[in-house]
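Worksheet: the structure to be examined is printed underneath.
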């Protein structure tokens, strides 16, 4: 199935709100086959230019998800294929208030995360400067917004019910396997357990010589990797079924951290020496909200992820 069809489903005006499961599925597809990023970004660009503001917001949310969950191959497509120019053009035309606000928040977040005018992709900073020259007033980002590091738990689409209430007629149908039982969704306690497993795996990977793939054959590492992959699969079930906003937020953040650790494992397995920032994970708590980290010079480097095998 062409990925453009998935993008259209994920941005359908008949959806009540973002289909996080489908958004993450598109991310996984691109991480496995980066060559499809060009067509996906091209389709999202068309959807952002749509006349329906709901479609525009869904497309911007999907784009935000790709930036956060995919690697340099997506960052490059967004920077070099006039996506940012299109966003600036729309914001200058005085569109729907929420569309303009979303565009400004994304441009502001990206120019900060990608390092300014001398970064690898200065187009992000250029878009920010162009909006400043046009007199744009950038809204203050919510304290709960963590630039780039987490999946999309930022500005929700206004007046949209929780994800569990979205229109099921437009959800992507995932082929069921007769040999595999249904994967249960995660609970808050299990999210805490997953973080513990992930942190142990991260420490062990940090202790391994990146050039020595034999270290990955240790029984404990093999077991931890299997557990992390299992937890990642269950996160998809969680975001597709829960109506608990706190649980959804914790699940989305866990997905990003698992992706980063597994990417490091797969890079070592493939003989690619890379350095990835250790996930800044903290025990999941239902009674607290995440805090915004200070940007660091390693931010852009930590964005780079490799396709998950």
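FYI, it's all coordinate maths here, none of it is from the lab. Keep in mind that what you see is a predicted model, and the values were worked out from it rather than measured. So basically every Cβ, Gly included, is an ideal-geometry build from the backbone, and we count neighbours across all protein chains shown.
Length available on full extension from residue 203 to residue 140: 0.36 nm per residue minus the Cα-Cα distance, which gives 19.1 nm. Taking R0 as 30 Å, what FRET efficiency do you get between residue 226 and residue 42 from their Cβ-Cβ distance, rounded to the nearest 0.05? Given R0 = 30 Å and the Cβ-Cβ separation, E is 0.25. With the convex hull drawn around the C-alpha atoms of the range 3-142, the volume per residue stands at 99 Å³. Each of residue 81 and residue 237 was given a label point 7 Å from its Cα along the Cα-to-Cβ line. The distance between the two points is 3.4 nm.
What's the extension gain from residue 94 to residue 14 if we count 0.36 nm per residue and subtract their Cα-Cα distance? Mind showing how you got there, number by number?
Numbers: separation 80, 0.36 × 80 = 28.80 nm, distance 2.40 nm.
Computed gain between residue 94 and residue 14 is 26.4 nm.
A simple packing score, the average count of other Cβ atoms within 10 Å per residue, orders the peptides 246-255, 32-41, 131-140 as 246-255, 32-41, 131-140, with the highest score first.
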